[in-house]
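Working notes, beginning with the structure itself.
All of the numbers you see were taken from the coordinates with simple rules; none came from a lab. Everything numeric here is computed off the predicted structure, so don't read it as measured data. In this analysis, Cβ positions are derived from the backbone assuming ideal geometry, glycine residues included, and neighbour counts consider all displayed protein chains.
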Amino acid sequence: MSSLTHKRAEISAAIALKLGLWPIAGLTNAQRAELETETDEAIDRWSEAEHEDGADTARPVTPLQRLLVEYRELEEQELDRRERKTGIG
């Protein structure tokens, strides 16, 4: 499991706890789909807020926000690795 995939799983777990969708292993397909949607939306919202406010103002306060920051950092690292590998950038 890649670092990015692992971090996403941590974000999903935090959201599942928040929504009362725990344990994840016992979720129905509909609940899993809801959790995936919530995870995608949380990541997207954090990314949008980061771009709107600037990286310096998007300070994590909650454990979920800290996970989202770590996810974005891993995403940036992965993008940098891909660009170096393909010679783009």
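From the list Glu78, Glu83, which residue is part of a helix (DSSP H, G or I) and touching a helix residue (DSSP H, G or I) at 6+ places or on another chain (Cβ under 8 Å)?
Details: Glu83 fails: touching a helix residue (DSSP H, G or I) at 6+ places or on another chain (Cβ under 8 Å).
Going through Glu78, Glu83 in turn, just one is part of a helix (DSSP H, G or I) and touching a helix residue (DSSP H, G or I) at 6+ places or on another chain (Cβ under 8 Å): Glu78.
Going through Glu75, Glu34 one at a time, which residue ends up being acidic (Asp, Glu) and over 10 Å from the mean Cα position of the chain (by Cα)? Spell out the reasoning first.
Values: Glu75 fails: over 10 Å from the mean Cα position of the chain (by Cα).
Criteria check complete, one pass: Glu34.
Tally time: how many residues in segment 4-25 are without any contact (Cβ under 8 Å) to a residue 40 or more places away in the chain and not hydrophobic (A, V, I, L, M, F, W, C)? Walk me through how you get there before you give the answer.
Our first condition is that a residue be without any contact (Cβ under 8 Å) to a residue 40 or more places away in the chain; within segment 4-25, this holds for 5-6, 9, 12-13, 16-17, 19-25.
In the following step, the residues that additionally are not hydrophobic (A, V, I, L, M, F, W, C) were identified as 5-6, 12, 20, 23.
Of the residues in segment 4-25, 5 are without any contact (Cβ under 8 Å) to a residue 40 or more places away in the chain and not hydrophobic (A, V, I, L, M, F, W, C).
Would you mind telling me which numbered condition in (1) surrounded by 12 or more Cβ atoms within 10 Å (Cβ to Cβ); (2) out of contact with any Lys or Arg (no Cβ under 8 Å at 6 or more places or on another chain); (3) part of a loop (DSSP other than H, G, I, E, B) Ala13 fails?
Against the list (1) surrounded by 12 or more Cβ atoms within 10 Å (Cβ to Cβ); (2) out of contact with any Lys or Arg (no Cβ under 8 Å at 6 or more places or on another chain); (3) part of a loop (DSSP other than H, G, I, E, B), Ala13 comes up short only on (3).
Kindly list the number of the only condition in (1) in contact with a helix residue (DSSP H, G or I) (Cβ under 7 Å, 6 or more places away or on another chain); (2) of a type in the set (S, T, N, Q); (3) loosely packed, with under 10 Cβ neighbours inside 10 Å that fails for Thr28.
If we test Thr28 against (1) in contact with a helix residue (DSSP H, G or I) (Cβ under 7 Å, 6 or more places away or on another chain); (2) of a type in the set (S, T, N, Q); (3) loosely packed, with under 10 Cβ neighbours inside 10 Å, just (1) comes out false.
Pick out the one residue from Lys18, Lys7 that is part of a helix (DSSP H, G or I) and surrounded by fewer than 16 Cβ atoms within 10 Å (Cβ to Cβ).
On the way: Lys7 fails: surrounded by fewer than 16 Cβ atoms within 10 Å (Cβ to Cβ).
From the options Lys18, Lys7, the qualifying one is Lys18.
Just a yes or no: is a residue in segment 47-66 closer than 21 Å to Met1 by Cα, in contact (Cβ under 8 Å) with a residue 40 or more places away in the chain and in a helix (DSSP H, G or I)?
Going through segment 47-66, the residues closer than 21 Å to Met1 by Cα turn out to be 64, 66.
So of that shortlist, the ones also in contact (Cβ under 8 Å) with a residue 40 or more places away in the chain come out as 64.
Those left that are additionally in a helix (DSSP H, G or I): 64.
Yes, segment 47-66 has at least one match.
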